[in-house]
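A short write-up of the structure that comes next.
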Amino acid sequence: MQTILVIDDEAPTLTMFRLFLSAYGYRVLTAEDGVTGLKILETEKPAIVFTDLKMPVMDGFEVIKAIKKQAPGTEVVVITGHGDMDLVLQALNLEVTDFINKPIDRKALESALARANLRLQDDQADNEQLTLDMLQNVACMIVKGTLRGAPGSRLKDLT
């Protein structure tokens, strides 16, 4: 059973996510703030995280940056209120998978989940598509697919 973490400071939003995601067969963990969410991420290692952007203590941008540093292969979906498109665009630059608006629409949630799961599958396939070779004393790198997530991390480790 795949685990999903939802980070939001609004209890009704957490309840709605818990109900929807549990009905889809996911194990759902929730946190009411970013600090608690990151502690859960560290111990439970969910593949997908939904996070609000506007939260007290630690905002969603700090949460996203910490997730990408701690677990770069984690797919992050932003939860946002209507009218926050400038914030969503900033979040997309941090390599989030998708965003959904509050109140949560079931079809939008299903689409975001499908995209996140597809990216997780692509990342697993991409792990085998980065190769390094030496040809006549020159390092050659062959890349198939993208360099985000796990393959991108592997490349950074080589430098």
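The values are calculated or read from the model by the stated rules, or taken from the named source; none is laboratory data. Just so we're clear, the structure is a prediction, and the values are computed from it rather than from any experiment. Using ideal geometry, Cβ is built from the backbone for each residue, glycine included, and neighbour counts are taken over all protein chains shown. What goes into the accessible areas is simple: the full protein's heavy atoms, side chains included, and nothing from ligands, DNA or RNA. Shrake-Rupley method; radii C 1.70, N 1.55, O 1.52, S 1.80 Å.
Just one of Val76, Val35, Val88 is modelled with pLDDT of 95 or more and under 15 Å from the mean Cα position of the chain (by Cα); which is it?
Within the list Val76, Val35, Val88, the selection yields Val76.
Here are Leu94, Leu19, Leu5, Leu14: which of them is part of a helix (DSSP H, G or I) and in contact (Cβ under 8 Å) with a residue 12 or more places away in the chain?
Leu14
Can you pull out every residue in region 85-99 that is crowded, with 19+ Cβ neighbours inside 10 Å and of a type outside the set (Ser, Thr, Tyr)?
Scanning region 85-99 gives Ala91, Val96, Asp98, Phe99.
What is the residue count in region 48-60 for residues that are surrounded by 18 or more Cβ atoms within 10 Å (Cβ to Cβ) and in contact with a Leu (Cβ under 9 Å, 6 or more places away or on another chain)?
Here the count works out to 6.
May I ask you to list pairs of residues, at least six apart or on different chains, whose Cβ atoms are under 6 Å apart, with the first in region 119-144 being on the phi < 0 side of the Ramachandran plot and the second being assigned to a strand (DSSP E or B) and at pLDDT below 65?
Matching pairs, first to second residue: Val143/Leu130.
Please indicate, with yes or no, whether at least one residue in region 116-126 is open to solvent by less than 30 Å² (accessible area, probe 1.4 Å), modelled with pLDDT of 90 or more and under 23 Å from Ala11 (Cβ atoms).
Checking region 116-126: not a single residue is open to solvent by less than 30 Å² (accessible area, probe 1.4 Å), modelled with pLDDT of 90 or more and under 23 Å from Ala11 (Cβ atoms).
Would you mind finding the one in Lys65, Lys54 that is more than 13 Å from the chain's Cα centre (by Cα) and closer than 18 Å to Asp98 by Cβ?
The match here is Lys54.
Exactly one condition in (1) at pLDDT 75 or above; (2) under 24 Å from Ile4 (Cβ atoms); (3) charged (D, E, K, R) is not met by Arg148; state its number.
Status for Arg148: all satisfied but (1).
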